[in-house]
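The values are calculated or read from the model by the stated rules, or taken from the named source; none is laboratory data. Note that the structure is predicted; figures quoted are calculated from it, not measured. Don't worry about glycine lacking a Cβ; one is built from the backbone with ideal geometry, like all the others, and counts go over all protein chains shown. Surface accessibility is based on the protein's heavy atoms, side chains included, excluding ligands, DNA and RNA. Shrake-Rupley method; radii C 1.70, N 1.55, O 1.52, S 1.80 Å.
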Amino acid sequence: MSENRASLGSKLALAVFTAIFLSPFFICILMAVKSKQETSKGILSLPERIHWENFTSAIEKARILLSMKNSILITVCSVIIIVLVAATAAYAIGRRYHNKFYRFYETLLVSSMMLPFQVIMVPVYRMYKELNLLNTRTGAVIMISGLAVAYSTVMMIGFVRGIPLELEEAAQIEGAGRFRIFFSIIFPLLKPILATVATLQFLGVWNEFNVSILLLQKEAIKTIPMQQYVFFGAYGADYNTAFAAAVITMIPVIVIFLILQKQVVAGMTAGAVKG
Amino acid sequence: MEQGTSVFPVRWLFYGKDIMKRLKRELSYVVFLIPSLLLFGFCVVYPFLSGIQLAFTDWDGISRTYNFVGADNFTKLLSDKNVLQPIKTTAIYGLTVTALNNVLALFIATTLSKKLKGAAFFKTTFFIPLAISAVLASFVWKYIDSNLISILLGNSLLGKRETVLIGIILISLWNNLGSNIMIYMAGIAGISRDYEEASMIDGANGRQRFFNITVPMLMPSFTICITLTLTASLREFGTVLAATGGGPAGSSQTVAILIYDYMFKYSRAGYAQAISLVFMVFLMVIGLLLTKFFRSKEVEA
């Protein structure tokens with residue numbers, strides 16, 4: 001079995017890659033706790049003390065609390081909508097899989113996943129302008145959810161088809177309606193895939209940029225990535241404050257990512273295992 | 001039950017009842033589809049269709065009206081010198097990212113799938129950047145590039161025309177490598193140990209085992225990873241916009257950035273839409289060809 005151990009060379013290469021992968025996090029934290037003078041001595045210079053004031057000024061200048069509120073609102077609403085809309089659609093498609101209409105809709109969803117966002121960028125902008133939805137959180141939630149629904153639905157259809165029909169028939173005999181069957185039997189059984197989809201979509205929406213830069217251009221409704229785009233991009237940016245802001249916004253998403261890592265892996269590899 | 005003499009056969013009543021029952025049953029399912037139909041129709045289908053119309057107009061992206069200009073936008077496209085460079089940049093970027101991403105991800109995934117101390121730590125290290133937005137990844141690396149890499153190499157990668165793509169490729173690899181590592185690791189875990197053991201008894205060495213067993217058995221993973229990486233990198237937008245905005249001097253302008261610029265900088269939304277439609281057809285052809293090619297190479301497990 002000795003051959004199945006990693007060789008010294010590949011271990012060494014792995015160590016180098018790991019160091020490179022971790023270095024941006026190290027530099028972010030280092031920059032976030034340094035003063036301007038200490039930074040001017042070089043990117044790797046160490047601070048004499050931890051400059052907590054960077055964090056307080058980040059919260060004020062980078063308007064973290066405001067963009068955090070926008071990001072949380074948009075992410076929570078979008079993920080709930082995505083999960084509900086995708087689960088109900090997947091239920092209908094999965095249960096009527098032999099029906100041409102439902103199958104056609106499934107094909108439509110799958111092909112839309114190949115669509116580059118740029119193709120609908122111009123018409124979406126025009127549509128939102130006419131409907132006065134530009135620069136609204138509602139508008140952003142609708143578009144972000146709408147663009148994520150296809151992928152999430154397609155991921156769930158297989159799961160719905162795996163749930164034995166007998167479970168539903170028993171409830172039907174007892175007189176339960178379709179909605180009660182769905183919410184009391186199907187929805188709970190879909191929990192693993194719902195968790196996976198919700199986790200993947202949480203990360204996707206939290207870091208969403210394409211829709212945000214198109215539709216959210218006013219200061220008051222900017223999400224965290226948009227705020228960072230403006231703040232880091234500003235001429236003569238105060239980098240210590242910017243990095244402090246970056247660290248503050250990174251921590252929650254990394255913590256959630258670590259807690260839900262299993263779900264993320266399950267979601268990303270769903271297609272690969274099936275082949 | 002046959003009521004042949006009657007003008008109105010009673011069995012029609014039964015059929016009618018049956019049809020109503022089936023219709024009701026069908027409707028009970030359709031109701032579940034309605035939210036999805038509305039949302040998908042509003043966000044994808046309608047914009048897509050109205051986009052086809054916009055591509056034949058001179059809309060500037062600002063005014064409420066526009067004129068139809070026929071196929072003008074498409075004929076202009078053929079002789080537009082500004083389009084050629086972004087296509088070249090996009091192709092070079094897409095192919096390089098796809099090649100490097102997959103080679104590295106495969107190497108890291110095979111190494112992490114072996115007996116290795118601290119494998120969980122290494123894995124997490126490669127996965128975490130997936131949680132970081134493209135914008136933040138670009139800004140952090142941009143800062144590292146101009147304050148550390150430029151000192152080490154004597155030149156900033158992102159600041160020079162010749163090296164700017166290398167810089168963006170590094171950012172993209174850091175940000176996205178994890179997802180392919182995940183897929184390859186799942187693929188490797190799915191290969192039965194029996195194959196490996198059989199080949200070891202036959203005296204195959206590590207390299208032979210890798211190329212004769214691991215690689216052919218991983219074909220489904222290759223299909224997914226290569227198709228996903230290529231189509232994603234060919235439409236790269238956020239990373240480039242945040243890292244360079246397409247510069248210096250347009251040297252890192254991808255097709256996605258070009259469309260964005262035509263829409264917001266040059267106020268030629270109709271023309272931007274025409275470019276995006278051609279771009280979409282191009283992406284779909286590549287996606288289909290790739291999938292077809294890899295599917296034909298897959299072996300039955």
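Separation of segment A:191-254 and segment A:88-141, taken as the distance between their Cα centroids, equals 23 angstrom. From helices alone, chain B scores -22000 deg cm²/dmol at 222 nm; the rule is -39500 (n - 2.57) for each run of n ≥ 4 DSSP H residues, then divide by the residue total. Note on segment A:106-177: dipole from Cβ charges, positive end direction compared against A:Thr153, A:Ala171, A:Tyr128; the farthest Cα belongs to A:Tyr128. When restricted to Cα atoms, segment B:82-121 yields an Rg and a Dmax of 16.5, 52 Å, respectively.
Per residue, the average separation of C-alpha pairs within less than 8 Å and at least 6 apart gives chain A a relative contact order of 31 percent. Using only alpha carbons, segment B:121-181 has a radius of gyration to Kirkwood radius ratio (Rg to Rh) of 1.02. Against the empirical 2.2 N^0.38 Å (N residues), the protein assembly as shown has a Cα radius of gyration ratio of 1.08. Residues in segment B:177-190 carry Karplus couplings, in order, of 4, x, 5, 5, 4, 4, 5, 5, 5, 5, x, 5, 4, x Hz; the curve used is 6.51 cos²θ - 1.76 cosθ + 1.60 with θ = phi - 60°, and Gly or Pro positions show x.
Binning the C-alpha pair distances of segment A:64-270 at 10 Å intervals from 0 yields a P(r) profile of 8, 28, 31, 21, 8, 2, 0, 0 %, listed from the shortest bin outward. Counts of other chain beta carbons within 10 angstrom of each beta carbon in peptide A:8-21 average 4.
In order along segment B:114-123, phi translates into HN-Hα couplings of 8, 5, 8, 6, x, 4, 4, 5, 4, 4 Hz, rounded to whole numbers, per the Karplus curve 6.51 cos²θ - 1.76 cosθ + 1.60 with θ = phi - 60° and x for Gly and Pro. So what does log10 I(q)/I(0) come out to for segment A:29-111 at q = 0.18, 0.21 Å⁻¹, using the Debye formula with one equal point on every Cα and no solvent? The Debye formula, applied to the Cα set alone, gives -0.85, -0.97. Between A:Phe101, A:Phe209, A:Phe232, the residue with the greatest mean-square fluctuation in the GNM of chain A (Cα pairs under 10 Å linked by springs) is A:Phe101. Relative to one another, the C-alpha centroids of segment B:27-68 and segment B:117-147 are positioned 37 Å apart.
Partner lysines whose Cα lies under 24 Å from the Cα of A:Lys129, excluding those fewer than 8 positions away in the same chain, are identified as A:Lys218, A:Lys222, B:Lys265.
Computed over Cα pairs, the Kirkwood radius of segment B:45-201 leads via Stokes-Einstein (0.890 mPa s, 25 °C) to a diffusion coefficient of 123 µm² per second. Just the number, please: buried accessible area between A and B, total of both chains, 1.4 angstrom probe, nearest 100 square angstrom. Rounded to the nearest hundred, the buried surface is 8700 Å².
Would you kindly state the longest site-free stretch of chain A, with sites defined as GluC sites (Glu not before Pro) in a DSSP loop (not H, G, I, E, B) surrounded by at most 16 other Cβ atoms within 10 Å? The answer is A:49-173. Over segment B:169-230, the reciprocal of the mean inverse Cα-Cα separation, the Kirkwood hydrodynamic radius, stands at 12.9 Å.
Of interest is the spacing of the C-alpha centroids, which for segment B:220-236 and segment A:1-57 amounts to 30 Å. Working from the Cα coordinates of segment A:1-147, the gyration tensor eigenvalues give, after taking √(5λ), semi-axes of 44, 31, 15 Å in decreasing order.
Contact order, relative form, for chain B: 27 percent (alpha carbon pairs under 8 Å, 6 or more residues apart, mean separation divided by residue count). Our Cα-only numbers for segment A:8-51 put the radius of gyration and Dmax at 14.0, 42 Å. How big, in percent, is the set of alpha carbon pairs in segment B:219-259 lying more than 16 Å apart? Summing the P(r) tail past 16 Å for segment B:219-259 gives 42 percent. Backbone amide hydrogens, once placed in the peptide plane, bring B:Thr57 within less than 5 Å of B:Val69, excluding anything fewer than 5 places away on its chain. The alpha-carbon positions of segment B:73-297 define a convex hull whose volume is 144 Å³ per residue.
Computed from phi, the 3J(HN,Hα) profile of segment A:7-19 under the Karplus parametrisation 6.51, -1.76, 1.60 (θ = phi - 60°) reads 6, 4, x, 6, 5, 4, 4, 4, 4, 4, 4, 4, 4 Hz, with x in place of Gly and Pro.
Restricting the calculation to Cα atoms, every distinct pair contributes to the Kirkwood radius of segment B:166-301, found to be 17.8 Å. For chain A, adding -39500 (n - 2.57) for each run of n ≥ 4 DSSP H residues and dividing by the number of residues yields -23500 deg cm²/dmol at 222 nm.
Per-atom-type breakdown for segment A:102-179 gives carbon and sulfur 61% of the accessible area (1.4 Å probe, protein chains only). Summarising the overall dimensions of segment A:149-205 from its C-alpha atoms, the Rg and Dmax are 13.1, 41 angstrom.
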